[in-house]
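First the structure, in the form of structure tokens, and then the observations on it.
The values are calculated or read from the model by the stated rules, or taken from the named source; none is laboratory data. Since this is a predicted model, take the numbers as computed values, not measurements. Because the Cβ atoms are built from the backbone with ideal geometry, glycine has one as well, and the counts that use them run over all protein chains shown.
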Amino acid sequence: MENQYETIWKELGLNLENHAGLLGVLSDAYTNIYMAQKNRPKGMEYFDFVVSEIHSLRIKEIYEAKESGRPIVGAFCIYVPEEIVLAVDGVCIGLCAGAEVGSEEAEKFIPRNTCALIKGFMGFKLSGLCPYVELTDLIVGETTCDGKKKAYEIFNEITKKVYVMEIPNMKSPKGRELWESEVIRFREKMEALSGKRITVEGLQKGMALVNAKRKALQRLSALRNADPAPISGLDALLVNQVSFYDDPARFTRMTNELCDELEERVKSGSGVAAKGAKRLLVSGSPMAIPNWKLHAIVEGSGAVIVGEEACIGERNFRDMSDENFATVEEAIAKMAGRYLSIDCACFTPNNERLDNINIMAGRLHADGVIHYSLQFCTPYMMEAFKVEKSVDRPFLKIETDYGMEDFGQLKTRVEAFLEII
Ligand code: BJ8
């Protein structure tokens, strides 16, 4: 008998056969990578549940939100101001895909030499595998890297609902002016989409939700300073990945509960790896769910990842939005400033990222830094040279994609790196 979720998937036009295959592969990977870990915090049970329901319960929730008239907005970049979506009672979800399923379909529209993240989101949509894309009323793109910029043109031909925010290349006064005007334009777009005016109260509510989420993620990040690390890098990465599509208030509550437990672990000196285990910071391109490859390799080799200097990681929650404002205009101006401080490699120059990596490595007592770029991700691959020069501890540079063909080779390189630390 058809279950309630299948009815929704069918209505959304998913390819049910491919979709069943995808869920099977995801569930096996999760069992092998996540459930095989020892000494996991009890608080991770919630996140295990969320992953098991990734295309079921959460999709039903978003489906019901849409039915009740709430606008559903998808995004691919942490530059998209979630506060504005929440200010009109919308739902904001991350659409990046971290698996190579659908690449062949994607390559019918975009060049082979495109980064896996772009191929991933195109491929998921084209293969009828992504219920999130189908539920959106608006998909917000941005002019960050060239690959994304051009892919959005094609994605709009396919979905007919892409809206692009222009992001400057430089953080100059002109760049700031342009960006602020783009945030204002986005506010107007959200007002038109929802039929609601954005008010001071709406923005206060949106900011409070997003800031609370950021604060919980900051708390988790700070707990990873401890030795032994109270949580594995794999689990912390998962919490960060889930933050992009879970309900924000519930996510914050569950992450804070997890942090309460981790605090107890830190107090009692217990952790996931032995005290003194080698600690690594990972820095670079985003790792969208279910991209767990590097973390699985590093932690399978006996080290522990203590931080992610990435958009699915610290870059997403480092700065808060200023909740102290009297008018919508003031709120927008402050918010625009907050977003423009994000240190994405798409900017030139981007020296603040070098400082941030070193600050993080020091705070987390990292023994080494692994720079992670997706293949064909020019901004991060290029910036790796500067990062290597600026980092004051052992450094390893990796370029990879979502495939598993290089798993053995990467493992050998990571093990050799751990030897020299
Ligand atoms: S703020 S990192 S989320 S743009 S991996 S598509 S950069 S070729 S994702 Fe990003 Fe916003 Fe910057 Fe963050 Fe291009 Fe690189 Fe692919 Fe990338």
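Observations
- Selection of first residues in the stretch 276-304 that are within 21 Å of Ser243 (Cβ to Cβ) and of second residues that are among the hydroxyl-bearing types (Ser, Thr, Tyr) and assigned to a helix (DSSP H, G or I), restricted to Cβ pairs under 8 Å at least 6 apart or on distinct chains, gives the following pairs, ordered by first then second residue: Gly284/Tyr380; Ser285/Tyr380; Pro290/Tyr30; Trp292/Tyr34.
- Between Arg315, Arg265, the distinction of being over 23 Å from Cys145 (Cβ atoms) and in a helix (DSSP H, G or I) belongs to Arg265 only.
- Reported count of residues in the stretch 100-138, each being of a type outside the set (D, E, K, R) and either farther than 30 Å from Ser68 by Cα or within 14 Å of the ligand (Cβ to nearest atom) (or both), is 17.
- The set of residues in the stretch 214-244 that are assigned to a loop (DSSP other than H, G, I, E, B) and either without any contact (Cβ under 8 Å) to a residue 40 or more places away in the chain or in contact with a Cys (Cβ under 9 Å, 6 or more places away or on another chain) (or both) contains only Phe244.
- Checked against (1) without any contact (Cβ under 8 Å) to a residue 12 or more places away in the chain; (2) closer than 18 Å to Phe47 by Cβ, Pro248 passes all but condition (1).
- Of the set (1) at pLDDT below 95; (2) outside any loop (DSSP other than H, G, I, E, B); (3) under 20 Å from the mean Cα position of the chain (by Cα), all apply to Val25 but (3).
- Taking the criterion of being free of Cβ contacts under 8 Å to residues at least 12 places away in the same chain, assigned to a helix (DSSP H, G or I) and not small (Gly, Ala, Ser), the residues of the stretch 368-419 that qualify are Phe385, Lys389, Gln409, Thr412, Glu419.
Listed here are the residues, each with its yes/no results for (1) on the phi > 0 side of the Ramachandran plot; (2) surrounded by fewer than 23 Cβ atoms within 10 Å (Cβ to Cβ); (3) over 19 Å from the mean Cα position of the chain (by Cα); (4) not hydrophobic (A, V, I, L, M, F, W, C).
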| residue | (1), (2), (3), (4) |
| --- | --- |
| Tyr63 | no, yes, yes, yes |
| Ser68 | no, yes, yes, yes |
| Tyr79 | no, yes, no, yes |
| Val85 | no, no, no, no |
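- As a summary of the residue check, Ser341 satisfies the conditions (1) closer than 30 Å to Gly102 by Cβ; (2) of a type in the set (Gly, Ala, Ser); (3) within 16 Å of the ligand (Cβ to nearest atom) except for the one numbered (1).
- Selected residue (only one of Gly141, Gly120 is buried (at least 21 other Cβ atoms within 10 Å of the Cβ), in contact with a Phe, Trp or Tyr (Cβ under 6 Å, 6 or more places away or on another chain) and at pLDDT 95 or above): Gly141
- The stretch 94-112 residues that are in a helix (DSSP H, G or I), paired with ones that are within 14 Å of the ligand (Cβ to nearest atom) and at pLDDT 95 or above (beta carbon under 7 Å, 6 or more apart): Ser103/Lys119; Ser103/Gly123; Glu105/Gly123; Ala106/Lys119; Ala106/Met122; Ala106/Gly123
- Selection from the stretch 350-366 of residues that are touching a helix residue (DSSP H, G or I) at 6+ places or on another chain (Cβ under 9 Å) and either part of a helix (DSSP H, G or I) or under 11 Å from Leu280 (Cα atoms) (or both): Asn351, Arg353, Leu354, Asp355, Asn356, Ile357, Asn358, Met360, Arg363, Leu364, Ala366
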